[in-house]
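> Could you have a look at this structure, given as structure tokens, before my questions?
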Amino acid sequence: MDERYDQLREKSLEVTRENINYWLDHCFLSPRWWFILILFILTWVLFIRLTRNETNKPKLLFLGLVWIIVAANLDGLGFDLGLWGYPGQLVPLLPKAYLFDYALIPVTYMLQSRYFPKGRAFFYSSLILAGGASFIAEPVFRWLDIYRIYHWEVWWSFIIYFPLSYVIRGMVEYVFRRNNE
């Protein structure tokens, strides 16, 4: 049993080394890599500027943290199951979409919470965000060769994003409501 684990670990290390070499040869300092880095930074700069005087910033940041945790784990699961991949990566380890998981998704939903916190505005903004992410952003990032799908349909993303916006918002509201009691 232990020998089998060691063999699997060695294969995993080999794949990691190959991924680092791929990243060095095809990603690092390429125009695509610079685009990802700049968009990552600009996303957070935009958030900071738009929430500079926000009194509810701890709640927004907690919401963003929850989105990061959920997005990174779902992304890792989909990547490991071979549903999608990232030929354009910011860093070579843990080949995931840092741009999406740690910038675009959490910042977008934090801004949604700031500008459309509840009711019909939240419902419609959730529909628009889920649709925009699924049917516009994903195809654009595929066209830019940053994201590649293998066994996935974009409408499945819509089905995940829309209810997640409610579940995550509900969790955050619960935590902050309990905290204020």
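The values are calculated or read from the model by the stated rules, or taken from the named source; none is laboratory data. Given the structure is predicted, the values throughout are model-derived calculations rather than measurements. Reconstructed Cβ throughout: ideal geometry from the backbone, glycine too, with neighbour counts over all protein chains shown. Just the protein is used for accessible areas: all its heavy atoms, side chains included, with ligands, DNA and RNA removed. Shrake-Rupley method; radii C 1.70, N 1.55, O 1.52, S 1.80 Å.
> I'd like the residue in the stretch 152-166 that is in contact (Cβ under 8 Å) with a residue 40 or more places away in the chain and open to solvent by 40 Å² or more (accessible area, probe 1.4 Å) and, out of all such residues, is farthest from LEU81 (Cα to Cα). Explain how you work it out, then say what you get.
Here is the first cut: in the stretch 152-166, the ones in contact (Cβ under 8 Å) with a residue 40 or more places away in the chain are 152, 160, 164-166.
Checking which are open to solvent by 40 Å² or more (accessible area, probe 1.4 Å) leaves us with 160, 166.
Numbers: ILE160: 17, TYR166: 26 Å.
Per the stated criteria, the residue is TYR166.
> I've got another one for you. What pairs come up if the first residue lies in the stretch 108-132 and is farther than 12 Å from TYR166 by Cα, the second is hydrophobic (A, V, I, L, M, F, W, C) and open to solvent by 30 Å² or more (accessible area, probe 1.4 Å), and their beta carbons are under 7 Å apart, counting only those six or more places apart or on different chains?
THR108/LEU129; LEU111/LEU50; GLY131/PHE158
So that you can scan it fast, the table gives a plain yes or no per residue for (1) in contact with a Cys (Cβ under 7 Å, 6 or more places away or on another chain); (2) surrounded by fewer than 13 Cβ atoms within 10 Å (Cβ to Cβ); (3) of a type outside the set (D, E, K, R):
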site	(1), (2), (3)
VAL107	no, no, yes
LEU111	no, no, yes
PRO117	no, no, yes
ARG120	no, yes, no
ALA130	no, no, yes
ILE146	no, no, yes
TYR150	no, yes, yes
ILE168	no, no, yes
MET171	no, no, yes
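> Go through the stretch 1-15 and give me each residue that's part of a loop (DSSP other than H, G, I, E, B) and either under 20 Å from the mean Cα position of the chain (by Cα) or aromatic (Phe, Trp, Tyr) (or both). Outline the logic, then answer.
Our first condition is that a residue be part of a loop (DSSP other than H, G, I, E, B); within the stretch 1-15, this holds for 1.
None; the set is empty.
> Being basic (Lys, Arg), at pLDDT 90 or above and closer than 19 Å to VAL140 by Cβ, is that true of even one residue in the stretch 24-32?
Residues of the stretch 24-32 that are basic (Lys, Arg), as a first pass: 32.
Now drop any that are not at pLDDT 90 or above, which leaves 32.
Applying the additional criterion that residues be closer than 19 Å to VAL140 by Cβ yields 32.
Looking for residues that are basic (Lys, Arg), at pLDDT 90 or above and closer than 19 Å to VAL140 by Cβ, one finds at least one in the stretch 24-32, hence yes.
> Any residue at all in the stretch 77-97 that's free of Cβ contacts under 8 Å to residues at least 24 places away in the same chain, surrounded by fewer than 17 Cβ atoms within 10 Å (Cβ to Cβ), at negative phi and β-branched (Val, Ile, Thr)?
No, the stretch 77-97 contains no residue that is free of Cβ contacts under 8 Å to residues at least 24 places away in the same chain, surrounded by fewer than 17 Cβ atoms within 10 Å (Cβ to Cβ), at negative phi and β-branched (Val, Ile, Thr).
Here is a yes/no grid of residues against (1) open to solvent by less than 80 Å² (accessible area, probe 1.4 Å); (2) modelled with pLDDT of 95 or more; (3) not in a helix (DSSP H, G or I):
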residue: ARG17; (1), (2), (3): no, no, no
residue: ASN21; (1), (2), (3): no, no, no
residue: TRP34; (1), (2), (3): no, yes, no
residue: ILE38; (1), (2), (3): no, yes, no
residue: TRP67; (1), (2), (3): yes, yes, no
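> May I pose another question? Just one of (1) assigned to a loop (DSSP other than H, G, I, E, B); (2) of a type in the set (Gly, Ala, Ser); (3) touching a helix residue (DSSP H, G or I) at 6+ places or on another chain (Cβ under 8 Å) trips up GLY82, so point out which.
Failing condition for GLY82: (3).
> Moving on to the next point. Do any helices (runs of 4 or more DSSP H) lying entirely in the stretch 109-181 carry at least 1 residues that are within 21 Å of ALA72 (Cα to Cα) and of a type in the set (Gly, Ala, Ser), and which ones are they? So that I can check it myself, show each step before the final result.
On the way: elements: 119-132, 138-143, 154-179.
Qualifying helices (runs of 4 or more DSSP H): 119-132, 154-179.
> Could I ask something else about it? Within the group LEU50, LEU42, which residue is out of contact with any Lys or Arg (no Cβ under 9 Å at 6 or more places or on another chain) and either of a type in the set (S, T, N, Q) or loosely packed, with under 15 Cβ neighbours inside 10 Å (or both)? Working first, answer last.
Working: LEU50 fails: out of contact with any Lys or Arg (no Cβ under 9 Å at 6 or more places or on another chain).
Within the list LEU50, LEU42, the selection yields LEU42.
> Okay, moving on. Give the residues of the stretch 41-60 that are touching a residue at least 40 places away in the same chain (Cβ under 8 Å), β-branched (Val, Ile, Thr) and assigned to a helix (DSSP H, G or I), sorted by residue number. Step through it out loud before you land on a result.
So the first thing to find is which residues in the stretch 41-60 are touching a residue at least 40 places away in the same chain (Cβ under 8 Å), and the list is 43-44, 46-47, 50-51, 54, 56, 59-60.
Retained after the next criterion (residues that are β-branched (Val, Ile, Thr)): 43, 51.
Passing the criteria: only THR43.
> Which condition breaks for ASN73 when tested against (1) over 23 Å from VAL154 (Cα atoms); (2) within 12 Å of the chain's Cα centre (by Cα); (3) without any contact (Cβ under 8 Å) to a residue 12 or more places away in the chain?
For ASN73, the exception is condition (1).
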